[in-house]
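The structure under discussion appears below in the form of structure tokens.
The values are calculated or read from the model by the stated rules, or taken from the named source; none is laboratory data. Please read all numbers here as calculations on a predicted model, not as lab measurements. All Cβ positions, even for glycine, are placed from backbone atoms using ideal geometry, and neighbour counts span all protein chains on display. Each accessible area value is taken on the protein alone, full model and side chains, heavy atoms only, with ligands, DNA and RNA left out. Shrake-Rupley method; radii C 1.70, N 1.55, O 1.52, S 1.80 Å.
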Amino acid sequence: MTCLTKDVTVNTNRYRVGIVGATGAVGQELFRLLLERDLLPMAGLRLFASSRSAGRVLERAGRKFTVEEARPEIFGDLDLALFSAGGTVTRALAPAAVKAGCLVLDKSSAFRMDPAVPLVIPEINAHAIRRHQGIIASPNCSTAVALMGLYPLHRAFGLKRYFAATYQSVSGSGAKAVQELDAQLRAWALDQPLPRQVYPHQIAFNVIPQVDTFGANGYTGEENKMAAESCKILELPDLKVSSTCVRVPVVRAHSVAVNAEFERPVSVAAAREAIAAFPGAELIDEPAASRYPTPLAYSEQVKCGVGRLRLDSAFANGLAFWVSGDNLWKGAALNSIQIAEFMHREGLLTAKAPAAA
């Protein structure tokens, strides 16, 4: 429902919201951010996970929520479902949600490259939301962080191609990877053997140039995602992208070193102005004073930090820069919530009438 005043339309809907995958790393951030931001009016919030987690009680802001099993039947009583349970679960349950009239905002890769599914970063291509058919996807965490620096430069100069090297935190692999890094650090301090289960190599005091599995082209799944998703979000089908994705012993927040070539002449001054004016980024670029973004500084931050801006020494119209951003927030949970908040503000999100008793 909307209330009309002289010049303003106010959406007064309150939504019944569900989180699918609520006990995972991203799901817990969804749970936290929905309640802390309090920008999406909710008539109710329900938490869903696998049958193994059903019955768990999660508490936030003095409120207790019991986790329910995620099943196809749950969506009839929901207006909006935020999925963070992986591609297999999304493919199994999302069609049932759409059939029940429940909007799906999905973090997995299940539908990102489906032509019928918008792949959205609200600060970049919110217009794509209006084309949805019941499912809206969020991009890979590395893509999201990189584009927070690239998009304002694209608007200013016209992006032609880019190269990226990522520095991805272990939280991108889930809670067990965070525990593995912690366990290895503790074992090292005690001069004990370092346990290893999640990664193919020790992650403590190391970097691993593999995120996801390798494809036939020699790139990993993560690297291929960055290329394909950048093309779709920026609406540049001919954009050339080459990346090397690397796991580093950082708990939270990803960083990306980017070298980009543009269609039009560039300048550092104009690039700084473009970054500073972009709502998704914060310019931190005083290298002489050792001021530049770091993952520690941008953990649990809404914006991504961009710095080390300089003319690229290999491209005629090129810029090099560094960007850091929270992979669990802008790279995952926060982006989905920002989509929902945008839809609420624009009157694009509807609340179903409660089912008859």
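Residues that are in contact (Cβ under 8 Å) with a residue 60 or more places away in the chain and not in a loop (DSSP other than H, G, I, E, B) were ranked within segment 33-81; the one that is nearest to the chain's Cα centre (by Cα) is Leu33. Annotation note: Cβ proximity below 7 Å between a residue of segment 86-106 that is in a helix (DSSP H, G or I) and a residue that is open to solvent by 40 Å² or more (accessible area, probe 1.4 Å) and of a type outside the set (Lys, Arg) (sequence gap 6+ or interchain) occurs for Gly87/Ser109; Leu93/Pro72; Ala96/Pro72.
Ala177 meets all of the listed conditions (1) surrounded by fewer than 22 Cβ atoms within 10 Å (Cβ to Cβ); (2) over 23 Å from Lys330 (Cβ atoms) but one, namely (2). Of the residues making up segment 276-301, those that are open to solvent by 70 Å² or more (accessible area, probe 1.4 Å) and either among the charged types (D, E, K, R) or in a loop (DSSP other than H, G, I, E, B) (or both) are Pro279, Glu282, Glu286, Ser290, Arg291, Tyr292, Leu296, Glu300, Gln301. Taken over segment 9-32, the residue count meeting the criterion of being in a loop (DSSP other than H, G, I, E, B) and either more than 23 Å from Ala96 (Cβ to Cβ) or within 21 Å of the chain's Cα centre (by Cα) (or both) is 6.
Of everything listed in (1) open to solvent by 10 Å² or more (accessible area, probe 1.4 Å); (2) at negative phi, the single unmet condition for Ala144 is (1).
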